[in-house]
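Trainee: Below you'll find the structure I mean.
The values are calculated or read from the model by the stated rules, or taken from the named source; none is laboratory data. Since the model is a prediction, treat every value here as computed from it, not as a measurement. Cβ sites come from the backbone with ideal geometry, for glycine too, and all protein chains shown count toward neighbours. In case anyone asks, the SASA skips ligands and DNA or RNA and just uses the protein heavy atoms, side chains included. Shrake-Rupley method; radii C 1.70, N 1.55, O 1.52, S 1.80 Å.
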Amino acid sequence: MPAWTRVLAGTGPLWLRKEVDVMAQPTYQWQPPERGWREQDLFDLPENGNRYEIIDGSLHVTPPAGPEHHELADEIRMALRQAAPTDWRVIREIGVRVPGGNLIPDLTVLRPSAPRERMWAEPVDIALVGEVESTGSRRHDRFTKPALYAEAGIPHYWRVERGDFGPVVYRYRLGKGDHYELLGTIGPDDAVTVDEPWTMRLDPSAWPR
């Protein structure tokens, strides 16, 4: 497998160089920009399955999640899509612009007004974002990312945990002071009608456990 040198702080221009070692395996080296990381810098990073996000000018790298994570996220997306009104879209892992950075939620619900050709969605075009917790993302999904989504003004946030008996959905709505308020939780054996991002029946018992 290619070897990667990860340098997330320091000086020097951003660059990406391919070398060949004695075993004829490609090796890539990259350094951060002299100023904080910006959206355009992400295009110079390798497409290797990692999730690259920018928070307050710092680069955050999350390793690829496992198949169970993606399977659960896909099931939630399908549940949302099946109930979605006309022209609303539910997208997996699209980029979202937030104050001071760029994030990539597991799920994003886009309003009909959202431009289809944009790689990075604006908060005004987003009705809900969702994160499925994994080992490498738990703290970010519980603390860092919801704070930024709320600061951006995104109305609703779902955080999904994989509990001992199945997935649990924590539902939040934007309150006063740019923070989320807990609306409630939906357990693995609950079937509940929710109002966000539209009225629908949510049944986690049908999702992978």
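Trainee: Quick check for you: with a 1.4 Å probe and neighbouring chains kept, what is the accessible area per residue of segment 129-209, in Å²? Walk me through the numbers before you get to the answer.
Mentor: Values: 3990 Å² over 81 residues.
Per residue, segment 129-209 has an accessible area of 49 Å².
Trainee: Same structure again: Rounded to the nearest percent, how much of the accessible area of the chain (1.4 Å probe, protein heavy atoms only) is carbon and sulfur? Don't skip to the answer; put the middle values down first.
Mentor: Working: 5520 of 11160 Å².
Result for the chain: 49 percent of the exposed heavy-atom area is carbon or sulfur.
Trainee: Further, regarding this structure: Based on C-alpha coordinates, I'd like the Rg and Dmax of segment 154-199, in Å.
Mentor: Taking only Cα atoms of segment 154-199, I get Rg and Dmax of 11.4, 35 Å.
Trainee: Label Glu47 and Val61 with points 7 Å out from Cα along Cα→Cβ: what is the distance between them in nm?
Mentor: A separation of 1.9 nm, rounded to one decimal place.
Trainee: Now for a different question. Compute for segment 120-183: radius of gyration divided by Kirkwood radius, i.e. Rg/Rh, restricted to C-alpha atoms, rounded to two decimals. Let's see the in-between values first.
Mentor: Details: Rg = 11.8 Å, Rh = 12.1 Å.
Taking Rh as the inverse mean 1/r over Cα pairs, Rg/Rh reads 0.98.
Trainee: Report the full-extension gain for the segment Phe165 to Glu151: residue separation times 0.36 nm, less the Cα-Cα distance, to one decimal in nm. Spell out each step's value before the answer.
Mentor: Values: separation 14, 0.36 × 14 = 5.04 nm, distance 3.29 nm.
Going from the current span to full extension adds 1.7 nm.
Trainee: Can you give the percent of C-alpha pairs in segment 66-130 whose distance is more than 14 Å? Numbers along the way, then the final one.
Mentor: Working: 1162 of 2080 pairs.
Beyond 14 Å sits 56 percent of the P(r) for segment 66-130.
Trainee: If you take the beta carbon distance between Ala191 and Glu71 as r and set R0 to 22 Å, what does 1/(1 + (r/R0)^6) give as a FRET efficiency, to the nearest 0.05?
Mentor: Numbers: r = 20 Å, r/R0 = 0.91.
Using R0 = 22 Å, I get an efficiency of 0.65.
Trainee: Could you state the angle between the C-alpha long axis of helix 67-83 and the longest principal axis of the C-alpha atoms of the chain, as a value from 0 to 90 degrees rounded to the nearest 10?
Mentor: Helix 67-83 and the main axis of the chain meet at about 50 degrees.
Trainee: Go ahead and run the numbers for FRET between Arg92 and His179, Cβ-Cβ distance against an R0 of 35 Å, rounding to 0.05. Let's see the in-between values first.
Mentor: Working: r = 26 Å, r/R0 = 0.74.
Result of the calculation: an efficiency of 0.85.
Trainee: Separate question: Quick one, which of (i) 1, 7, 14, 18, 18, 15, 11, 7, 5, 3, 1, 0, 0; (ii) 1, 6, 13, 16, 17, 17, 15, 10, 4, 2, 0, 0; (iii) 1, 7, 15, 19, 21, 16, 10, 6, 3, 1, 0, 0 is the actual P(r) over Cα pairs in 5 Å bins from 0, in percent calculated for this model?
Mentor: (i)
Trainee: Over the Cα atoms of segment 95-209, compute the convex hull volume and normalise it per residue, giving Å³.
Mentor: Numbers: hull volume 13.0 nm³, N = 115.
So the per-residue hull volume is 113 Å³.
Trainee: For the chain, what is the calculated [θ] at 222 nm in deg cm²/dmol (nearest 500), taking -39500 (n - 2.57) for each run of four or more DSSP H residues and dividing by its residue count? Present the calculation step by step, with values, prior to reporting the outcome.
Mentor: Numbers: 2 runs with 25 residues, N = 209.
Mean residue ellipticity, 222 nm, calculated: -4000 deg cm²/dmol.
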